Amino acid sequence: MAEEVPKTTTTQEEVALADVAPAEKPDTDVAVLVEKSTEQQQEQEQEQASPEKKNAPETEDEVSKPEENIPECGSFKEESTIVSDLPETEKKALQELKQLVQEALDNHEFEKVEDEKKEQVAGGADVAADDGAKAVEAVSESVVCCAEEVSIWGVALLADERSDVILLKFLRARDFKVKEAMAMIKSTIGWRKEFGMEELLLEDFGDDLAKAVYMHGFDKEGHPVCYNVYGEFQDRDLYKKTFSDEDKRVRFLRWRIQFLERSIRNLDFAPGGISTIVQVNDLRNSPGPAKWELRQATKQALQLFQDNYPEFVAKQVFINVPWWYLAVNRMISPFLTQRTKSKFVFAGPSKSAETLLRYIAAEQLPVKYGGLSKDGGEFGISDAVTEITVKPAAKHTVEFPVTENCLLSWELRVIGWDVSYGAEFVPTSEGSYTVIIQKARKVASSEEPVLCSNYKIGEPGKVVLTIDNQSSKKKKLLYRLKVKPSSSD
């Protein structure tokens with residue numbers, strides 16, 4: 001008998017959390033399109049880390065099923081950015097750091113750091129330029145040092161409570177070691193001055209890499225989500241245009257930092273606000289470690305991110321993970337902190353959509369990754385999606401009752417399909433006949449991922465959707481509907 005299905009959030013099987021990409025400074029982890037360390041480094045680690053080898057799979061078969069072989073670890077939970085919520089030791093560290101920052105502002109130490117950076121870049125070159133012109137140029141940079149004011153990511157240090165959120169990022173990146181956090185702040189300010197951040201924000205790099213890295217929607221906790229698509233660099237023309245020489249790699253680096261910087265400027269640095277990003281890293285068709293140009297460029301970008309963008313990642317989700325990637329990470333994992341490892345989630349191809357749906361609602365998740373979000377169409381991100389798990393060898397029906405003339409539209413998908421789907425309208429009146437909207441048919445996994453339908457209803461009744469799962473695996477059903485009033489003909 002058909003049943004009306006309430007909107008619920010289905011509990012999914014636990015997806016393993018574990019091994020992470022290498023990072024020299026583990027708690028300042030902003031993701032880019034990152035390749036692993038050089039092959040020489042990997043060989044050295046394999047020779048030197050014999051205890052870790054014991055934990056690595058002995059055969060390719062063992063690592064070819066990542067969903068079954070990734071060990072679990074605890075999931076990272078973000079700490080509060082509200083000062084009153086902090087433990088006393090952390091409050092004390094924050095106060096000490098604020099005092100150091102104030103002293104640096106009073107003594108114009110940040111300006112001195114910038115001048116030192118500039119001198120280092122200049123090297124032994126002839127420095128006969130007009131000092132006044134240089135002072136005017138400095139005002140346009142993203143780190144503004146004028147009247148004892150320094151701003152980072154659009155937030156003036158010590159100007160208001162948003163500054164506390166910024167300072168807490170540096171403290172957490174350095175385990176609340178105040179002097180180390182202060183050194184990192186000075187270094188970051190000097191680097192931003194040197195890099196010309198404000199000018200960088202205005203540069204036009206075109207849209208060649210728009211499909212390689214992009215922001216789309218939010219996770220269930222409100223974090224903006226950034227998608228890093230490694231497979232885009234399988235395009236030879238794009239790869240050559242982006243990485244073929246040093247100038248192009250520098251351009252890529254500037255583009256990637258500009259993208260991150262613009263994304264950060266949209267975050268909420270108010271205490272309790274969302275000031276971190278979820279990174280989704282798609283490794284399908286990744287070029288792999290053999291592409292040294294990509295590896296060199298992304299390694300350089302990662303180093304800059306680690307040094308100058310502390311604690312901006314809420315979670316790193318790696319999807320479509322190949323077996324070799326997991327094997328490398330098994331060796332590197334022992335050298336990383338638990339805090340860093342707890343931010344990472346790995347999923348092989350067959351578990352990727354399921355994993356993403358744990359963290360991102362279907363209406364926010366792009367269609368290509370298992371959700372229903374797409375540009376255009378009848379539905380948008382404000383139209384909530386119902387998730388249902390259909391058991392193996394079971395049939396599931398969903399009813400949409402209607403009592404007036406209307407146009408009923410719906411979107412529906414089953415992750416992986418390989419089930420039968422049918423739709424019909426059952427009038428309330430006993431003398432009426434059931435209308436077949438969609439004759440039951442087997443939907444293959446290769447077909448369109450989302451089915452969109454509508455039906456004009458002229459009498460009370462109900463639309464019944466039937467999903468018949470005759471496979472041996474459970475299936476995830478996603479659907480949503482919209483009703484528009486219509487006049488009777």
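Please treat every number below as a calculation from the coordinates, not as lab data. Every value quoted in this text rests on a predicted model; they were computed, and no experiment measured them. Neighbour counts are summed over all protein chains in view; Cβ atoms, including those assigned to glycine, are modelled from backbone coordinates with ideal geometry.
Show me the ranking of peptides 313-319, 85-91 by mean Cβ neighbours inside 10 Å, starting with the highest. Working shown, then result.
Numbers: 313-319: 23.6, 85-91: 12.4.
Those peptides, ordered most packed to least, come out 313-319, 85-91.
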**Item:** Positive minus negative residues near ASP282 (Lys, Arg vs Asp, Glu; Cβ under 10 Å)
**Value:** +1
**Request:** Pop out the ³J(HN,Hα) list for region 205-219 in order, Karplus 6.51 cos²θ - 1.76 cosθ + 1.60 with θ = phi - 60°, rounded to Hz; leave Gly and Pro as x.
**Result:** 9, x, 10, 4, 9, 5, 8, 7, 9, 7, 9, 7, x, 9, 7
**Request:** For ASN107 and GLN438, calculate 0.36 nm times their separation in residues minus their Cα-Cα distance, and state this gained length in nm to one decimal.
**Result:** 111.6 nm
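How much length is gained if the chain between ASP160 and GLN303 is pulled fully straight, taking 0.36 nm per residue apart and subtracting their Cα-Cα distance, in nm to one decimal? Don't skip to the end; give the middle numbers.
Values: separation 143, 0.36 × 143 = 51.48 nm, distance 2.98 nm.
The span from ASP160 to GLN303 would gain 48.5 nm if fully extended.
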**Asked** Among the listed pairs LYS91/LYS315; LYS248/LYS368; LYS395/LYS476, which are separated by more than 18 Å between their Cα atoms?
**Response** LYS91/LYS315; LYS248/LYS368
**Complete:** Those GluC sites (Glu not before Pro) from region 402-481 that are DSSP loop and have at most 12 other Cβ neighbours within 10 Å turn out to be GLU404, GLU430, GLU447
**Message:** Output wanted: per-residue J couplings in Hz (rounded whole) for region 196-204, from phi through Karplus 6.51 cos²θ - 1.76 cosθ + 1.60, θ = phi - 60°, x for Gly and Pro.
**Reply:** x, 4, 5, 5, 4, 4, 8, 5, 10
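Would you mind checking the pairs LYS77/LYS473; LYS77/LYS193; LYS341/LYS391; LYS240/LYS291 and listing those with alpha carbons more than 23 angstrom apart? Working shown, then result.
Numbers: LYS77/LYS473 32 Å; LYS77/LYS193 33 Å; LYS341/LYS391 33 Å; LYS240/LYS291 11 Å.
Over 23 Å apart, Cα to Cα: LYS77/LYS473; LYS77/LYS193; LYS341/LYS391.
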**Prompt:** Taking θ as phi - 60°, what are the ³J(HN,Hα) couplings along region 244-256 by the Karplus curve (6.51, -1.76, 1.60), each to the nearest whole Hz, with x for Gly and Pro?
**Reply:** 5, 9, 4, 4, 5, 5, 5, 4, 4, 4, 5, 4, 5
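Place the peptides 223-234, 243-254 in order of packing, highest mean first, counting for every residue the other Cβ atoms within 10 Å and averaging per peptide.
Ranked by mean Cβ neighbours within 10 Å, highest first: 223-234, 243-254.
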